[in-house]
(Lines give C-alpha, C1' and ligand atoms only; values in the text may rest on other atoms or scores of the structure.)
Protein backbone atom coordinates (compact mmCIF):
# COMPACT_ATOMS: atom_id res chain seq x y z
CA UNK A 1 0.00 0.00 0.00
CA UNK A 2 1.41 3.33 -1.07
CA UNK A 3 -0.05 6.47 0.44
CA UNK A 4 0.69 10.01 -0.75
CA UNK A 5 0.41 12.95 1.64
CA UNK A 6 0.56 16.68 0.97
CA UNK A 7 1.43 19.33 3.51
CA UNK A 8 1.98 23.06 3.50
CA UNK A 9 5.08 24.41 5.20
CA UNK A 10 5.02 27.93 6.60
CA UNK A 11 8.66 28.92 6.97
CA UNK A 12 12.05 28.38 5.33
CA UNK A 13 13.19 25.81 7.91
CA UNK A 14 10.58 23.73 9.66
CA UNK A 15 10.14 20.29 11.22
CA UNK A 16 6.58 18.98 11.05
CA UNK A 17 5.73 15.86 13.02
CA UNK A 18 3.84 13.32 10.88
CA UNK A 19 3.89 10.34 13.27
CA UNK A 20 0.16 10.39 14.03
CA UNK A 21 -0.79 10.60 10.35
CA UNK A 22 1.36 7.56 9.58
CA UNK A 23 0.07 5.60 12.59
CA UNK A 24 -3.49 6.35 11.44
CA UNK A 25 -2.69 4.73 8.08
CA UNK A 26 -1.20 1.67 9.80
CA UNK A 27 -4.39 1.33 11.86
CA UNK A 28 -6.71 2.01 8.91
CA UNK A 29 -5.06 -0.74 6.84
CA UNK A 30 -4.88 -3.09 9.84
CA UNK A 31 -1.16 -3.76 9.49
CA UNK A 32 -0.21 -5.84 12.54
CA UNK A 33 3.38 -6.78 11.66
CA UNK A 34 5.43 -5.20 8.92
CA UNK A 35 7.30 -2.11 7.85
CA UNK A 36 6.58 1.52 7.00
CA UNK A 37 8.88 3.39 4.65
CA UNK A 38 8.50 7.16 4.76
CA UNK A 39 9.98 8.88 1.71
CA UNK A 40 10.42 12.52 0.66
CA UNK A 41 10.82 13.12 -3.11
CA UNK A 42 12.28 16.63 -2.74
CA UNK A 43 15.93 17.71 -2.91
CA UNK A 44 15.49 20.47 -0.33
CA UNK A 45 13.45 18.58 2.27
CA UNK A 46 13.83 15.31 4.14
CA UNK A 47 12.53 12.83 6.71
CA UNK A 48 14.02 12.19 10.14
CA UNK A 49 13.20 10.52 13.44
CA UNK A 50 13.99 12.43 16.60
CA UNK A 51 12.65 13.54 19.96
CA UNK A 52 9.05 14.72 19.99
CA UNK A 53 8.67 15.67 23.68
CA UNK A 54 10.66 18.91 23.89
CA UNK A 55 10.08 21.48 21.10
CA UNK A 56 13.52 22.94 21.81
CA UNK A 57 15.05 19.89 20.10
CA UNK A 58 13.52 20.96 16.76
CA UNK A 59 14.63 24.56 17.25
CA UNK A 60 18.15 23.48 18.23
CA UNK A 61 18.44 21.13 15.24
CA UNK A 62 17.39 23.83 12.80
CA UNK A 63 19.73 26.37 14.42
CA UNK A 64 22.70 24.01 14.33
CA UNK A 65 22.03 23.03 10.70
CA UNK A 66 21.96 26.77 9.89
CA UNK A 67 25.34 27.15 11.61
CA UNK A 68 26.88 24.28 9.64
CA UNK A 69 25.17 25.26 6.37
CA UNK A 70 24.67 29.05 6.31
CA UNK A 71 22.07 30.26 3.82
CA UNK A 72 24.53 32.63 2.14
CA UNK A 73 28.10 31.52 1.46
CA UNK A 74 30.40 33.47 -0.90
CA UNK A 75 31.61 30.31 -2.65
CA UNK A 76 28.18 28.79 -3.38
CA UNK A 77 27.50 28.65 -7.11
CA UNK A 78 24.01 27.11 -7.36
CA UNK A 79 22.00 29.71 -9.28
CA UNK A 80 18.81 29.20 -7.22
CA UNK A 81 20.70 30.32 -4.10
CA UNK A 82 19.48 27.41 -1.97
CA UNK A 83 22.64 25.33 -1.64
CA UNK A 84 22.18 25.27 2.15
CA UNK A 85 18.78 23.61 1.72
CA UNK A 86 20.27 20.90 -0.50
CA UNK A 87 23.03 20.23 2.03
CA UNK A 88 20.60 20.07 4.95
CA UNK A 89 18.32 17.67 3.06
CA UNK A 90 21.26 15.41 2.21
CA UNK A 91 22.38 15.43 5.84
CA UNK A 92 18.92 14.55 7.18
CA UNK A 93 18.17 12.02 4.43
CA UNK A 94 15.21 11.38 2.18
CA UNK A 95 13.63 8.41 3.98
CA UNK A 96 13.18 6.41 7.16
CA UNK A 97 12.14 2.81 7.78
CA UNK A 98 10.01 2.02 10.82
CA UNK A 99 9.05 -1.45 12.03
CA UNK A 100 5.35 -2.08 12.67
CA UNK A 101 4.78 -4.40 15.63
CA UNK A 102 1.37 -5.33 17.09
CA UNK A 103 -0.27 -2.68 14.92
CA UNK A 104 1.94 0.17 16.16
CA UNK A 105 4.93 2.01 14.76
CA UNK A 106 7.88 0.71 16.77
CA UNK A 107 9.32 4.01 18.00
CA UNK A 108 11.08 4.87 21.22
CA UNK A 109 9.27 6.66 24.03
CA UNK A 110 10.42 10.11 22.91
CA UNK A 111 10.63 9.51 19.14
CA UNK A 112 8.56 11.07 16.40
CA UNK A 113 8.75 11.08 12.61
CA UNK A 114 9.34 14.50 11.06
CA UNK A 115 9.04 16.03 7.62
CA UNK A 116 11.92 18.53 7.46
CA UNK A 117 11.52 21.61 5.29
CA UNK A 118 14.68 23.51 4.35
CA UNK A 119 13.49 25.75 1.50
CA UNK A 120 9.98 26.85 2.35
CA UNK A 121 7.36 27.85 2.58
CA UNK A 122 6.09 25.36 0.00
CA UNK A 123 3.47 22.75 -0.70
CA UNK A 124 5.23 19.42 -0.23
CA UNK A 125 4.50 15.75 -0.81
CA UNK A 126 5.74 12.69 1.00
CA UNK A 127 4.96 9.00 0.59
CA UNK A 128 4.37 6.15 3.00
CA UNK A 129 4.75 2.57 1.82
CA UNK A 130 3.15 0.08 4.22
CA UNK A 131 4.20 -3.54 3.97
CA UNK A 132 2.60 -6.50 5.71
CA UNK A 133 4.88 -9.18 7.09
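Structural remarks
- Filter result for residue 36 (closer than 21 Å to residue 1 by Cα and in contact with a helix residue (DSSP H, G or I) (Cβ under 8 Å, 6 or more places away or on another chain)): yes
- On inspection, residue 71 passes the criterion of being over 15 Å from residue 16 (Cβ atoms) and out of contact with any strand residue (DSSP E or B) (no Cβ under 9 Å at 6 or more places or on another chain).
- Residue 83, sole failed condition from (1) buried (at least 16 other Cβ atoms within 10 Å of the Cβ); (2) over 18 Å from residue 10 (Cβ atoms); (3) within 15 Å of the chain's Cα centre (by Cα): (3)
- Index of the failed condition, residue 128 passing every other in (1) over 18 Å from residue 13 (Cα atoms); (2) at pLDDT 95 or above; (3) out of contact with any helix residue (DSSP H, G or I) (no Cβ under 6 Å at 6 or more places or on another chain): (3)
- The number of residues in the stretch 30-76 that are over 17 Å from the mean Cα position of the chain (by Cα), in a loop (DSSP other than H, G, I, E, B) and surrounded by 14 or more Cβ atoms within 10 Å (Cβ to Cβ) comes to 4.
- Residues within the stretch 107-124 that are farther than 19 Å from residue 65 by Cβ, touching a strand residue (DSSP E or B) at 6+ places or on another chain (Cβ under 8 Å) and not in a strand (DSSP E or B), tallied: 2
- The listed residue being farther than 24 Å from residue 83 by Cβ, without any contact (Cβ under 8 Å) to a residue 40 or more places away in the chain and touching a strand residue (DSSP E or B) at 6+ places or on another chain (Cβ under 6 Å), out of 57, 18, 26: 57
The values are calculated or read from the model by the stated rules, or taken from the named source; none is laboratory data. Please read these numbers as outputs of a predicted model, since none were measured by experiment. Every residue, glycine as well, gets a Cβ built from its backbone with ideal geometry; the counts of neighbours run over all protein chains shown.
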